[in-house]
Structure formats: structure tokens, C-alpha cells
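So the structure is just underneath, and the comments pick up after that.
The values are calculated or read from the model by the stated rules, or taken from the named source; none is laboratory data. Predicted model, so just to flag it, every value in this text is computed and none were measured. Every residue, glycine among them, receives a Cβ derived from its backbone with ideal geometry; neighbour counts consider all protein chains shown. Quick note on the areas: whole protein, heavy atoms, side chains included, nothing else; ligands and nucleic acids left out. Shrake-Rupley method; radii C 1.70, N 1.55, O 1.52, S 1.80 Å.
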Amino acid sequence: MKYNIAVLRGDGIGSEIVEEAIKVLFAIKGMKEKIDLKEYSFGGCAYDKFSHAFPSETKEGVMKADAVLLGAVGGPKWNELPLEKRPESALLSLRKTMEVFCNIRPVKIFDSLKNLSPIKLENRNIDYVIVRELISGIYFGNKNTETIGGEIAAKDEMFYSESQIKRAIDKAIEIASKRNNKITLVDKANVLETSRLWRKVAKEKVRDSKTEIDYMYVDNAAMQVILNPDKFDVIVTSNMFGDIISDESGAIVGSIGLLPSASISESGLGLYEPIHGSAPDIAGKNIANPIGTILSVALLLRYSLKMDIEAEIIEKAVENAINNKILSKDIIGESGFSTCEIGEYIANEVKNLSN
Ligand code: NAD
Ligand code: IPM
Ligand code: MN
């Protein structure tokens, strides 16, 4: 029986980067016999076609798939739509439908890119994981816009229940236990009730584990990831703080285009996407960095299909490309290689490594 992967290319650079990721996936020996891909319309392009950014056919497709690969969604064309019709709302709805509460974003610098990082790294190493709660918090609380006292007022509520926090902390502990057993809870417990609940739950949870925990306010954390990125092992945090620290981490490793992510549900469903967006400013130019998406495929193989060896082959092939200076414009400027060239190089490396 073959595995079923649902592919959602999305908008902007989504299609270009997913194309290369598929190329790399099928460069692994024997993969065509193991995997069936099925593409579904999702995001702004789906809105244009079906007047719905998350059409019912796509919903059915992702729910019967073994894993989902997503490019990115959104763009200026859809920015004026009401919030609930926007491609970004479809993305939140996809995550909620799949119940992928835990977004794992590994942040690792490649040795040969250290000199290109905007941070002075010298002999320091960056290797941490952001565990971001993904289907609650301020993104999913009650929201509205209304007229109060003759002026417009808007509201976004932040909500967290104990069980929602517990499962995120549990995942962080599990991930830390396979690393250096150190968790940093990033919050704003000096101001927010939700953050105080996160601290209470985290304290209770780590008491029964071998994991060491420290607590850091998000404003300080935003500074510490720049000053001392090598001090982190696992960062666990709420939805919005995790979003912000992620892009910052992208800059530290050399480009947001390099970072992958895996979003996991309690029942084992997995959604895989790079951490960046649809990059409308460079869409259609064949210059986007496909590595975040290619590494997301490696995570898909590891977490959803339990194909560890194949995941490592992709990761090794990416490392070879980077060490051999097959780099895109976001990293080295004008002399950079194109999206296709990078995809082809990595696919070729994968072919050699899997033979
Ligand atoms: P973005 O991540 O799309 O782009 C930010 C900057 O990084 C841009 O200069 C872009 O060119 C660059 N960049 C991003 N990915 C790159 C890559 N692979 N290679 C080279 N450069 C890359 O963020 P934005 O501009 O704030 O958002 C654009 C659209 O994407 C918005 O509609 C936003 O809502 C959406 N978005 C979607 C997702 C997603 O689908 N998961 C994530 C973030 C943003
Ligand atoms: C991300 C994106 C999304 C998020 C947006 C597009 C809704 O920024 O995946 O990081 O904030 O989760
Ligand atoms: Mn983001």
C-alpha cells in the first residue's frame, strides 16, 4: 500500500518551492513506488477559483492523507478581503481542522554559512528548536470590530486552557529529552494571565521530568536569540510569540528561506511547511530559496512516514549543496543560483546518496 501525501502549493512562491521539494522527494530511490501525491487547491488561488480559500474537496483530501505538504499562502491580491475569507484564515482553519497543536521549528545554522550570518558567531553553534502552540491563543480567540462611543474599536482575545498548554509542554519535554534536556518557556508573565497559566502548568510538568526549565519574557527573548542564540535548546511558547521568534531565527541562520517546520496532532496527523510566507515580492522569478520546503519534506518523512534514513539523505544532500556554495540570492545576492538549479542540485545529490 502506498502512502498518500496531499500537496497544497498555495500562492506566490508556493508553487515554485513545492515543485523543487517534490523533485527532491522522488529523487530518493524507490520513492515513486511508496508514495502517491495528490494536489489540492488552497489559499488565494482557491479563492479565485471556488470563492473559498479552503474548499471542501481540499478539506476531504487533507483529512484522508497520511501527511500534508504546503508551500505558502496569501498575497496583496487578497489583502482587502474580509478576514474570514483571506488565505491566511484558510491556513488557520487547515491547522485547526487537522488539530496540529504543536508546531516544531528546528533552527540550525550550517557551518559554512556562519560567516554570512548577520550575527557574529565565531565558534558558537546555533541549534535549537522552537515548539510553538499552533491552534489556540490570540489567533483563535474571540475577535470583533464594533463602534463604541462613536469610534471604531477592535478586539482580539487571547485564550489558553490548561489542557492546551499541557500538551504543548509535554511535546517540548519529549523533544528536549532527545536533545540537551533544557527548555526555555518564553512568555509575558509579568503582564498576561495566559502567560501566568503557562508558567504554572510548565512548572508542574517539568517537576516529574529530568528536564531543566527556565523562564524568559518575550521581549528579553527577542534580544537573547540575537545576543546568545547558542544558549537555547528548546524554546516553548504560545502561538503569536512563536511566530515572531521564528522569523527572527530565520534571519540569524542566514535566511528565512532555509527553515522548515512540522506541525503535529495528537492522533499523528502531520502538516509540513516552510516557516516563511508566499514572498510576493519575488514570486514568479525563479529566485526563491526552496531549502525550507525541501527540509520540510525531510521532516515529513521522519515524523509521518517513519523513514528516518530517507530524511537523513535529504538533509545530507542539502548540507552538501550549501557546503558547495549552491546558494540562492537571499543568501549571497546577485550571483545566487535559481530555485530550479538549487532543487536540481539537491535532487542529484539525493540520487547519488540513495543509490
Ligand atoms: P514572507 O515570509 O512571505 O516574506 C518576507 C521576506 O522574506 C520577503 O522579502 C521575501 O522575499 C523573503 N522570503 C521569504 N521566503 C523566502 C524564500 N523562500 N526565499 C527567498 N526569500 C524569501 O512574509 P510577508 O512578506 O510578511 O508575507 C507575504 C504573504 O505571505 C502575506 O500574505 C502573509 O500573510 C503570507 N504568509 C504566509 C505564510 C504561510 O503560508 N505559512 C507564512 C507567512 C506569511
Ligand atoms: C506562519 C505564518 C502564519 C502564522 C500566518 C500566515 C497566518 O506567519 O506560518 O508563520 O502566523 O502562523
Ligand atoms: Mn510567521
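Output the number of residues of the range 190-217 satisfying the condition of being open to solvent by 30 Å² or more (accessible area, probe 1.4 Å) and either modelled with pLDDT under 95 or in a helix (DSSP H, G or I) (or both).
Of the residues in that region, 12 qualify.
So, in the range 266-287, how many residues would count as being within 16 Å of ligand 2 (Cβ to nearest atom), over 11 Å from the mean Cα position of the chain (by Cα) and touching a residue at least 12 places away in the same chain (Cβ under 8 Å)?
Count: 5.
Which one of these is away from ligand 2 (no atom under 15 Å from the Cβ) and either under 22 Å from residue 55 (Cα atoms) or modelled with pLDDT under 95 (or both): 88, 146, 80, 84?
After ruling out the rest, the residue left standing is 80.
Just wondering, is there one or more residues in the range 6-19 that are farther than 16 Å from residue 283 by Cα, assigned to a helix (DSSP H, G or I) and open to solvent by 30 Å² or more (accessible area, probe 1.4 Å)?
The answer is no, given that none of the residues of the range 6-19 is farther than 16 Å from residue 283 by Cα, assigned to a helix (DSSP H, G or I) and open to solvent by 30 Å² or more (accessible area, probe 1.4 Å).
Can you tell me which residue among 122, 99 is at positive phi and at pLDDT below 95?
Being at positive phi and at pLDDT below 95 holds for just one of 122, 99, which is 122.
Of all the residues that make up the range 274-329, how many are more than 16 Å from ligand 1 (Cβ to nearest atom) and of a type in the set (S, T, N, Q)?
4
Of all residues in the range 235-249, how many are more than 9 Å from ligand 3 (Cβ to nearest atom), of a type outside the set (D, E, K, R) and either in a helix (DSSP H, G or I) or surrounded by fewer than 23 Cβ atoms within 10 Å (Cβ to Cβ) (or both)?
Of the residues in the range 235-249, 5 are more than 9 Å from ligand 3 (Cβ to nearest atom), of a type outside the set (D, E, K, R) and either in a helix (DSSP H, G or I) or surrounded by fewer than 23 Cβ atoms within 10 Å (Cβ to Cβ) (or both).
Residue by residue through the range 328-355, note down the ones that are touching a residue at least 60 places away in the same chain (Cβ under 8 Å) and either basic (Lys, Arg) or more than 17 Å from residue 22 (Cα to Cα) (or both).
328, 330, 331, 332, 351, 355
Hey, can you tell me all the residues within the range 58-68 that are surrounded by fewer than 20 Cβ atoms within 10 Å (Cβ to Cβ) and either under 10 Å from residue 7 (Cα atoms) or among the acidic types (Asp, Glu) (or both)?
Within the range 58-68, 60, 66 qualify.
Give me the pairs: first residue in the range 245-257 and in contact (Cβ under 8 Å) with a residue 40 or more places away in the chain and farther than 19 Å from residue 103 by Cα, second residue among the charged types (D, E, K, R) and buried (at least 19 other Cβ atoms within 10 Å of the Cβ), beta-carbon distance under 8 Å, and six or more apart or on different chains, which are they?
Final answer for the pair search is 255/330.
Looking at this structure, is residue 267 among the polar types (S, T, N, Q), under 28 Å from residue 92 (Cα atoms) and either away from ligand 1 (no atom under 11 Å from the Cβ) or part of a strand (DSSP E or B) (or both)?
So residue 267 passes the test.
From the list 44, 75, 71, which one is open to solvent by less than 40 Å² (accessible area, probe 1.4 Å), on the phi > 0 side of the Ramachandran plot, within 12 Å of ligand 2 (Cβ to nearest atom) and not β-branched (Val, Ile, Thr)?
So the residue among 44, 75, 71 that is open to solvent by less than 40 Å² (accessible area, probe 1.4 Å), on the phi > 0 side of the Ramachandran plot, within 12 Å of ligand 2 (Cβ to nearest atom) and not β-branched (Val, Ile, Thr) is 75.
Can you tell me how many residues in the range 159-189 are open to solvent by less than 60 Å² (accessible area, probe 1.4 Å) and without any contact (Cβ under 8 Å) to a residue 40 or more places away in the chain?
The total comes to 4.
Inside the range 93-136, can you point out the residues that are part of a helix (DSSP H, G or I), surrounded by fewer than 19 Cβ atoms within 10 Å (Cβ to Cβ) and of a type outside the set (A, V, I, L, M)?
93, 96, 97, 111, 112, 114, 115
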